[in-house]
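Encoded as structure tokens, the structure appears first; notes follow it.
The values are calculated or read from the model by the stated rules, or taken from the named source; none is laboratory data. Treat the numbers as computed from the prediction; the structure is a model and nothing was measured. Backbone-built Cβ (ideal geometry, glycine too); neighbour counts: all protein chains shown. With ligands, DNA and RNA removed, areas are computed over all heavy atoms of the protein, side chains included. Shrake-Rupley method; radii C 1.70, N 1.55, O 1.52, S 1.80 Å.
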Amino acid sequence: MQGLIDLVEKYFSISVIKEVLPYLLKGALFTVVFSAASEIIGIVIGLATSVVRVTRIKVLNQLAIVYVDLFRGTPLLMQIIFVYYALPYIGINLPATVAGIAALSINSGAYVTEIFRAGIESIDRGQMEAARSLGMSYIKAMRYIIIPQTIKRVLPPLTNEFVALIKDSSLLSVIAISELLRTAKEMMTWKLNPSSLTAAAILYLVITLPLTRYVSYMEEKLKRSGV
Amino acid sequence: MIEIVNLHKKFGTLEVLCGIDLKVNKGEVMVIIGPSGSGKSTLLRCVNLLEKPTSGQIFFAGEDITARKVNKNLVRQRLGMVFQSFNLFPHMTALGNVVIAPVQVLKMKKDEAEKKGIELLKKVGLTDKINVYPSQLSGGQKQRVAIARALAMNPEVMLFDEVTSALDPELVKEVLDVMKDLAKSGMTMLVVTHEMGFAREVGSHLIFMDEGLILEEGRAVDIFDNPRHVRTKAFLNAVL
């Protein structure tokens, strides 16, 4: 019984949470901004790389494969450390915020590449043939016929990837960016009470739950429309 | 209009077209019949450059379109193609499907393209389906939109690749009727089909293909009434 009381006092202290909440909300805002910026840049990188992948332009295709393998196959934490701590040795000094967004974007771009590639390849071959038979160039067929259909299909996996990115952005705490997790840890040291971690977990849920719900809704809708 | 000279097409080691020679004049409706696997569709797809011939030449309006320097996009603009599986763009309405190529390829003004698109959809009997998405259309309606979409580019020749094969039997007629009207209007057509009634009635010329070769060629009615090659006879006996 005493253990339970201690647990509540340590991890679910309402008074502590009330006190640290304004700071945590600021941290949450950072988390959202960093994740959203990285996701957007990641989508641009991923879309471009996926088109390179499906067109199979030899040299570029090989480079794209190396990029995807490298960034999907190594821990994001390591990538963040490299961008922030290793690049300065070759003269690339990035502020923590820029290094953080760069690492997250490049990492997310690798995942987005594979999402878009699978999406593009899932479009029936007849769509490309019909577009080409009307005299459209490959680029126009991609832009007006294939990519718009792909976007619909990749929205659910892309949102899932965004949710993962939001959680992964907590790794930015290692390069001293005051995102949600780091703020919570600082509050924990300040208050000598880890309830701020609980509050931060709830805030992560507040951010990610609408997104995961949206994915379920979209998947259901896509299933019904048969696109 | 179209002249095919000694056309060969191999997929790996499989030779699908083994030396095709064929001439289609302006205004002719050339019907291509034959058992499945005989190379009919491949022949049509070669004409539209969707397949690259292994050897041989295809002349379109005097120009060798199999030559390296040919701009395929320009050639395809002048050749309309309708597919067995419709291949409508599912993210666009019927009208959207019809106007996309004139607007993006021919740089036609949007309102002008839409006016023409509505006219074409009217012509194929789909006045009430202009703003409907393909998923809401029956197979026959989809195929008629696909025909309107191809016609929107003002093609000089129309290619039809087994366009009624994926349709429920009761929907075949509405599509064939559109094609008949088109033939009457003087459109040059190459039609791969299993619809023998249509082939006989609408085809001005007919070829019978088997195993990558043209075995018999002539006026459609003559071949139906008086097939000479033993394989043509066997095929017609089996399908009629």
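Observations on the structure shown:
- FRET E, pair residue B:181, residue B:72, Förster distance 35 Å, beta-carbon r, rounded to 0.05: 0.75
- Summary: within chain B, the longest segment free of trypsin sites (Lys or Arg not before Pro) located in DSSP loops with at most 16 other C-beta atoms within 10 Å is B:110-227.
- Once the Cα atoms are used to define both axes, helix A:58-73 deviates from the longest principal axis of chain A by about 20 degrees.
- Axis angle, to the nearest 10 degrees, between helix A:14-55 and the longest C-alpha principal axis of chain A: 20 degrees.
- Over every Cα atom in the protein assembly as shown, the radius of gyration and the widest Cα-Cα span, Dmax, amount to 30.6, 102 Å.
- Under the convention that each Lys and Arg Cβ holds +1 and each Asp and Glu Cβ holds -1, the size of the dipole of the range B:190-236 around its Cα centre is about 100 debye.
- Scattering curve values for the range A:64-192, log₁₀ I(q)/I(0), Debye with Cα scatterers, q = 0.17, 0.20 Å⁻¹: -0.93, -1.09
- Per-residue ³J(HN,Hα) for the range A:85-102, Karplus 6.51 cos²θ - 1.76 cosθ + 1.60, θ = phi - 60°, Hz, x for Gly and Pro: 9, 8, 4, x, 5, 9, x, 9, 9, 9, x, 3, 4, 5, 4, x, 5, 4
- Computed E for residue B:6/residue A:160 - FRET, C-beta separation, R0 45 angstrom, nearest 0.05: 0.25
- By definition, a body whose alpha carbon gyration tensor gives a ≥ b ≥ c is prolate when a/c is 1.5 or more and a/b is larger than b/c, and the range A:1-146 fits this prolate description.
- Accessible area buried at the B-A interface, both sides summed, 1.4 Å probe (Å², nearest 100): 1700
- Note on the range B:152-191 and the range A:51-94: Cα centroid distance 52 Å, given to the nearest whole angstrom.
- Within-15-Å neighbourhood charge of residue B:148 [Cβ basis; K, R +1; D, E -1]: +2
- Percent antiparallel among DSSP beta bridges (both partners in the protein assembly as shown, rounded to 5): 55
- Of the residues B:150, B:166, B:94, the one that moves most in a GNM of chain B with alpha-carbon contacts below 10 Å is B:166.
- Axis angle, to the nearest 10 degrees, between helix A:2-11 and the longest C-alpha principal axis of chain A: 60 degrees.
- Positive-end residue of B:87, B:208, A:46, charge dipole of the protein assembly as shown with Cβ unit charges: A:46
- For residue B:188, distant residues with modelled amide H under 5 Å away: B:27, B:158
- Carbon plus sulfur fraction of accessible area for the protein assembly as shown, probe 1.4 Å, in percent: 60
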